[in-house]
Amino acid sequence: MLELSALGRRYGDVVALDGLSFAVEPGQVHGFVGANGAGKTTAMRIVMGVERADAGSVRWRGAPIDAAARRRFGYMPEERGLYPKMPCARQLAYLARLHGMPKAVARERAGAWLARFGLAERAGDKVEDLSLGNQQRIQLAAALVHEPDLLVLDEPFSGLDPIGTDVMVEVLLEQAGRGVPVLFSSHQLELVERVCDAVAIIDAGRLVAHGAVESLRRGDGPDLVRVDVDASAPSWWQGLPGVGLHRAEDGRVLLELGPEADPDAVLDAARAAGSVRHFGLVERSLAERYREVVGDPREAVGQGR
Amino acid sequence: MGAVGLVALRELIERGRSKAFLIANVVIVLAIALGVLASQLLGDPGPTRLAVADEEADALARVLEQQLAVVGGAPVEVLEAADAGAAEALVREGEADLALVGDGEVLADGGVPRALEPLLGLAAQSLALQDAVADLGVPSYLQPRLLEGSLTVTNVGEDDEAPDEASALVAFGAVVALYALLIIYGQWVAQGIVEEKQSRVVEVVVSTVTPTQLLAGKVLGIGLLGLFQVLLIAGAGVAGLLAATDVAPPAGLGGVVALVLAWYVLGYALYAMLFAATGAVVSRVEDLQSAATPVIVVILAAFFASQFALQDPASTAAEVMALVPLTAPLVQPIRGAAGLGSPLEVLAGVALALAALGLLLPVVARVYAGAVLRTRGRLSLREAYRSGSDAPSG
Ligand SMILES: Nc1ncnc2c1ncn2[C@@H]1O[C@H](COP(=O)(O)OP(=O)(O)O)[C@@H](O)[C@H]1O
Ligand SMILES: [Mg+2]
């Protein structure tokens, strides 16, 4: 288990991290979302030991992280980069050996990852001679080649085409299947929702929501019920205990049902008002939840930095 | 293999395979071979041909001939001309190099060879002196004794022989090679550091090895490539020297080669540290040239200083420069080739260089740690040093 506890980091007057705490369980695909500048990269760099924390600590398997433990981590930095003039296979084998693999195993793993990504015949080519998409694949292979105990990926999906995205998802799930905790940041909330077991949402360096994707989506707000009724009285729901209007949608209404509301009573009232064409609980998306805790997700989606 | 070894091995393999390195080695061997060939072909310029117009000029030519024999210069060939006009014509036609036409007048096509000019003056003086002595009425059999100076040479140094031409050649070659290698491989270190920052690969690397390990491996790997080249130059140079049959290999050649190797290692370590610090604080290769200028100026200054030592290896200045860590790598081989540097001087120079390295290492390591992950813009050495104290351990 990876535990971030009360991490703090300031850059001059800018507070990048402000008491950030959450944990990533073994085998969990854990999303990390937040607007640009929320502090995701800073937190991940601190985990990887390439940035210093002003306060708080990171623990791995219950202990502070030492060099030997960190050598077993796999990392994809936000700003990608490899040795441009070094051939793919030699580069991957070199990185595997830096991470502590014996020479023969390192070579074998490098070759296996190249084959896995369909780049076996490019093994001897310089990285800079590969297409951008293939360079991304090598970068991913570089994070995986030493069979890491933990994966930390900073915006791994940014700049990927749909096929690249599928490959990335497949690899993340597969690694989690090996029992590896996978922490990755992303702006693509639909993707995070689809892939992740758990998500941490941060804003201005603080954790604003954290948990399993299911419970996060539901949140602790009121249930939403969408009702389409051919009613003569538009305010048929008024007066029902614990029921309020969330939004009127062109003949249909989205009602908020508080804890004291009784869904059966609402359905009865709708029937009494007219003929009911639709009555159902609305699943909230992660994006909606995100909008509630952070603000408009459109600000977070897209451009990156 | 440890992290430092792995990093060093990568530098060795990737740079060793580069075209730049292979071409440099071929060029070095070719240049030395050509140098040997050229010295064979052009080594003997032949006698200087003197056209003499009258007896007085003939006498001058004879004195010059004797003097040249004493100092070991190229011999002269005397061509007798009927008169001054004929002598001048010989020079114009290229049959003679110089014409002596009496009254101390010398005709040349172009100029008098530099080595000959002072000797011509001396020859004229000594002729005048002979005349004066004769005019005083000194009997002719006494005249030579009167003119004979007496000079006794006492060697007060510890070495048996004065430095000869070959050892000066060795010293010059060694210094030029050392200077070039220190600049080339020092800049490779700086460039390698910046390239890692610019390509951003450094963040992946530093998440597994410490900045200090990365720096040490890089300096070590590039230094080994340089050492290979020093050995190549020394090998080809010594072989060339032995092949040029007219130059006897100077005594103690092996010692000089050993000095060159030792001072390459120390000099490279020192200058690589300076280059590393300049490379660490910039983020783009384009900015490196200006950042590295101060270090290049220091090497250049050391190189020029070493040229003074080459002129006069026994001077006090040379003695001092042999001890100063930044000049010692270039000056000690010169003094060694001149048979001067005592074992004590070598030891003192090495000790001082190691001490300087001991001071420099932690400072540069800290600057590097503070700057290596700052992949944007340029920061000052002071800033880098300051943030190096609390840089993450890697
Ligand atoms: N090296 C740095 N120097 C100064 N400010 C920084 C530095 N790194 C990050 N910041 C600031 O810290 C905040 C968090 O940045 P970051 O962790 O990159 O956010 P995210 O990855 O969520 O977009 C931002 O305001 C950013 O400008
Ligand atoms: Mg970021």
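The values are calculated or read from the model by the stated rules, or taken from the named source; none is laboratory data. This is a predicted model, so every value here is computed, not measured. All Cβ positions, glycine included, derive from the backbone under ideal geometry; neighbour counts span all protein chains shown. Accessible surface areas use protein heavy atoms only, side chains included; no ligands, DNA or RNA. Shrake-Rupley method; radii C 1.70, N 1.55, O 1.52, S 1.80 Å.
Data overview
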| item | result |
| --- | --- |
| Every pair of residues 6+ apart whose Cβ atoms lie under 9 Å, when the first sits in segment A:170-190 and is free of Cβ contacts under 8 Å to residues at least 12 places away in the same chain while the second is part of a helix (DSSP H, G or I) and within 16 Å of ligand 2 (Cβ to nearest atom) | none |
| Cβ pairs under 7 Å, 6+ apart, first in segment A:76-91 and more than 7 Å from every other protein chain (Cβ to nearest Cβ) and open to solvent by less than 10 Å² (accessible area, probe 1.4 Å), second of a type in the set (S, T, Y) and not in a strand (DSSP E or B) | A:Q91/A:Y83 |
| Breaking point among (1) part of a loop (DSSP other than H, G, I, E, B); (2) within 11 Å of chain B (Cβ to nearest Cβ); (3) touching a helix residue (DSSP H, G or I) at 6+ places or on another chain (Cβ under 7 Å), for A:A35 | (2) |
| Some residue of segment A:50-73 being within 15 Å of ligand 1 (Cβ to nearest atom) and open to solvent by less than 10 Å² (accessible area, probe 1.4 Å) | yes |
| Filtered residue count, segment A:7-36, keeping only those that are among the hydroxyl-bearing types (S, T, Y), within 11 Å of ligand 1 (Cβ to nearest atom) and touching a strand residue (DSSP E or B) at 6+ places or on another chain (Cβ under 7 Å) | 0 |
| Residue that is farthest from the other protein chains (Cβ to nearest Cβ), among those in segment B:1-42 that are assigned to a helix (DSSP H, G or I) and among the polar types (S, T, N, Q) | B:Q40 |
| Top-ranked residue of segment B:314-341 - restricted to ones that are modelled with pLDDT under 90 and of a type outside the set (A, V, I, L, M, F, W, C), ranked as surrounded by the most Cβ atoms within 10 Å (Cβ to Cβ) | B:G336 |
| Segment A:175-192, residues that are more than 15 Å from ligand 2 (Cβ to nearest atom), at pLDDT 95 or above and not in a loop (DSSP other than H, G, I, E, B) | A:Q175, A:A176, A:G177, A:V182 |
| Any hit, segment B:297-315, residues being away from every other protein chain (no Cβ under 14 Å) and over 20 Å from B:A171 (Cβ atoms) | yes |
| Count - residues of segment A:50-69 that are more than 11 Å from every other protein chain (Cβ to nearest Cβ) and touching a Gly at 6+ places or on another chain (Cβ under 6 Å) | 2 |
| Number of the condition not met by A:R72 [criteria: (1) among the charged types (D, E, K, R); (2) within 13 Å of another protein chain (Cβ to nearest Cβ); (3) over 26 Å from the mean Cα position of the chain (by Cα)] | (3) |
| Count - residues of segment A:38-49 that are near ligand 1 (Cβ under 6 Å from one of its atoms) and within 14 Å of another protein chain (Cβ to nearest Cβ) | 2 |
| Hits in segment B:211-243 - residues which are within 10 Å of chain A (Cβ to nearest Cβ) and open to solvent by 40 Å² or more (accessible area, probe 1.4 Å) | B:Q213 |
| Flag if B:A384 is open to solvent by less than 40 Å² (accessible area, probe 1.4 Å), of a type in the set (A, V, I, L, M, F, W, C) and touching a Lys or Arg at 6+ places or on another chain (Cβ under 9 Å) | yes |
| Residues that are in a loop (DSSP other than H, G, I, E, B) and away from ligand 2 (no atom under 13 Å from the Cβ), drawn from segment A:51-64 | A:R52, A:A53, A:D54, A:R61, A:G62 |
| Residues within segment A:172-208 that are of a type in the set (G, A, S), closer than 24 Å to A:G56 by Cα and open to solvent by 10 Å² or more (accessible area, probe 1.4 Å), tallied | 1 |
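To keep it simple, each residue is scored yes or no on (1) closer than 30 Å to A:L286 by Cα; (2) small (G, A, S).
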| site | (1), (2) |
| --- | --- |
| A:F22 | yes, no |
| A:A38 | yes, yes |
| A:T42 | yes, no |
| A:D54 | no, no |
| A:A63 | no, yes |
| A:P84 | no, no |
| A:P87 | no, no |
